1. What are the aspartates and glutamates whose alpha-carbon lies under 15 Å from the alpha-carbon of Lys670, with same-chain residues fewer than 8 places away excluded?
2. Once you order the gyration tensor axes a ≥ b ≥ c over the Cα atoms, which shape class does the range 450-540 get: rounded for a/c under 1.5, otherwise prolate or oblate by comparing a/b with b/c?
3. With the cut-off at 1.5 for a/c, could you classify the range 220-293 from its C-alpha gyration tensor as rounded, prolate or oblate?
4. What aspartates and glutamates could a cross-link reach from Lys135, if we take a straight Cα to Cα line under 17 Å and drop same-chain neighbours fewer than 8 places away?
5. Return one number: the angle in degrees, 0 to 90 and rounded to the nearest 10, between the long axis of the Cα atoms of helix 15-34 and the longest principal axis of the Cα atoms of the chain.
6. Over the range 501-601, average the accessible area per residue using a 1.4 Å probe and give it in Å², no decimals.
7. I'd like the orientation of helix 452-464 relative to the chain: the angle between its Cα long axis and the longest Cα principal axis, in ° from 0 to 90, rounded to 10.
8. Take the solvent-accessible surface of the protein heavy atoms, probe 1.4 Å, and return the percent of it on the range 80-238 that carbon and sulfur atoms account for.
Amino acid sequence: MPFPKTQMAGSLTPLSVLGPQAESERQRIRQQFETGAGARNTVRGLCELADRNVLQIFNEAVRVHGAESEGLALLALGGYGRRLLFPYSDLDLLFLFGSEKAEEDFRPLIAEFARTLWDLGFRVSSAGRSLEECKRIEEDNAEFHLALLDRRFLAGDQGLFDRLNTKVLSVSEKQARPFMQAQLDKLTRDRLARYGNTIFHLEPNVKESPGGLRDYQAAAWLRQIREDKNRGVTAAEEELAAGAVDFLSAIRCFLHYANGRNDNTLTYELQAKAAEKALAVRDGLPRSASEWMRLYFRHARTLNRQLLRFLEQKTAPPQSLRQRIMNAAWAPKAAVGGGRAYAVRDGLLEVADVAALSDRAVMFSLFSEAARIGVPLSREAERSIAYVLTHPELPVHNPGLSWERLREMLGSNYPGLALRPMQRLGLLTETLPEFGRIDSLVVRDFYHRYTVDEHTLRTIEHLQELAGPLDAKGERFAPLWKTADRRDLLILALLLHDVGKGMPVDHHVTGSLEALDSAAARLRLSAEDKGEVKFLIERHLDMSATMQRRDIFDAATVSGFAATVGTPERLQRLTLLTYADIHAVNPEALTPWKAEMLWQLFVATSNHFSRTLDRDRLHASDETSMLTQVEALAGAPKDELERFLEGFPRRYLAVHSAAEIARHFSLYRKLGENAVQAEVAESRHIFSLTLLTADRPALFATISGVLAGWGMNIVKADAFANAAGVVLDTFQFTDLFRTLELNPGEVERFRHSLIEVVSGQTELEPLLKSRQAKRGAKQPKVNVQTRINFDDSASAQSTLMEIVAQDHPGLLHEIAAVLARSGCNIEVALIDTEGQKAIDVFYLTAQSKKLTTAKQDLVREILQGTLS
């Protein structure tokens, strides 16, 4: 019978006794934690509980099976080996065998031992190795060898463990030191990269994110592998790191207990609960969730900075040809008195004379040099600067930073290489106190992924990346960055554009402009410079809103936007700001589609300034040229082509190329064969749907419903009708679940599904219900109040309706169905989503005219009732 549910050999403790004992002890430890016990006591208590049960079960299993433990040793690895066991962490165990025969003999015992631990509520993660196998370093299993660094004897054959420890691993680990360092370096850098190489996530993973507990352990492993456990670390740094570990450990215990599983994500909801409990804070001061998170980021910064310094010391980063030439040719900068203050070494700026940095002019020249030549400061250089900033025996000289010196830094090719370390060291808030308003500030909108200060610095770093574009999105914008006039004003505007989010104002732009007033007075900006920065801050949302919520192919939209911008120079700076601002929201925010729309708006406005977009002349000449091209491509009689185009708005020619119009005409000619014609095409970043059919009620709503039922995300839609009553609807959409991308055969099935629903052969509702069932009914984390606004002035032909609502599957279908029942025709739809907030704009007509006030009121009332 399975051990230990029946007693064997007389002395076996039954599971019915062990189980309640273990659970009672777990509850006692939890209660102590929740009433104020420190995390250190909690994880040690859980480890001791595990040790007692592991030892008892193992020893009894050996006795019950009538075996001797010779040839079998039980080891704790990883966190359990370090005596750090969190409430729902695994027990990492290693069964060490003296021989292959021992492994075979002990297999039944081990199976029942592990099963019993699971029955007692312990999560077991085990491995088995013979002594001979441990001599070999497995190159594809570096994680196991890293965990083995924290080995701890638990039970069994002590002599076997001693041989492993002193004769086997002492030799193999020493020989494998370069391999272990390289693997740890790679694993760590890959992990940091998965989280964007930043600690400033709005919902961080306290174990795996940069600044999490894994950073501390990686740093400890590096020191252990290099055998320099104390070299280069001061007592003050050790104390800071220990405090940070205690703080994050308390959070991890709290998360495990709150979630009832090994879930280490610090969500918004749990942030609020932690702040309410004043978790890991012993000063008794009440804090909001945002204030408490600032403490978290302070501790995370400590652990991440320590890890990065050890990584940098371990291996120098690979150097490009440019860096090697620079190292050979660049003369170290001279500080006051002719001594050398800093120099480029191994692709990093290093401090040669720490005392010279007490002169702030020298210190800031170091940052300016980094921004000018594109070489980052080493972590050791940052550590030297931190020492100077915090030690009074080095009195400060020339403490002020003039606008002229700051302007030089901000206007360089790589301003982020100066501003990022300045922020880490506290110098940025010293230079620009207004920036302190957003230091580690969490704003909960589920659209931005990072804290406000991190978002701000990323905007600047995304611009400096344009010196050598990393992807196709940046190629078009790179010349704008390289040729931009007064980049210093653009970077200053970016530093201040979101500062208002940390101020008690109704709209953050108002606060940011107040911050500009104080900064401009302190830095003594000229009225002209302040005016340019003021324009960028005041209008920093305009270009994004225009490209995403207005029809940029409408000449009225372009001329209105051009009137707002005023000059080509401002347009260039505002385009760069918008590019960077969207890019820095989250890694997916600047989609290829948005980058394309931003570029199109920039080009259209530039053309407007140069007077090449004169609507009357351009359309008159282009129309003839376009028709000639379409006629040649379509290979059809001119009169038949004209019948197709008759009645379409002129905008149709503006938004579609000759090749696209020829394809539309080809579909039009097939309507006699099938009353609904649909074509699905994929470009490198988006899918497009074109559908032609005779006009019918709620057609737009039906198409959007099918797209929602298939899990597609609509980003833009156009609706055109000709004089003969043929409707041509085009939708641009993204494939959220990669259904069509990964299964090319599904494209045709999707097309047939659409045709069947539009033609009435299949009902739409089952498709929508199926999609909703797959997604489940999740409660939104942020409640968005529905707002509906109408604008009659933005377009000459249509009424604009803007809806802000809670995003959910099928939302566009619901809106379009209401508009159809209300007798409204959708000319253009612009779809945008920010986190859980949908922001949709519709160009509407009723009987080919703008909506009357009465019609607007009716539509608003019905939509409010439908969407609430």
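1. In chain and number order, the partners are Glu640, Glu679.
2. It is oblate, given that a/c is not under 1.5 and a/b is not larger than b/c.
3. oblate
4. Answer for Lys135, where 17 Å is the Cα cut-off: Glu100, Glu103, Glu143, Asp150, Asp162, Glu173, listed by chain and number.
5. 70 degrees
6. Per residue, the range 501-601 has an accessible area of 38 Å².
7. Its long axis makes an angle of about 70 degrees.
8. 47 percent
The values are calculated or read from the model by the stated rules, or taken from the named source; none is laboratory data. Here the structure is a predicted model, which means the values were calculated and not measured. Because the Cβ atoms are built from the backbone with ideal geometry, glycine has one as well, and the counts that use them run over all protein chains shown. With ligands, DNA and RNA removed, areas are computed over all heavy atoms of the protein, side chains included. Shrake-Rupley method; radii C 1.70, N 1.55, O 1.52, S 1.80 Å.
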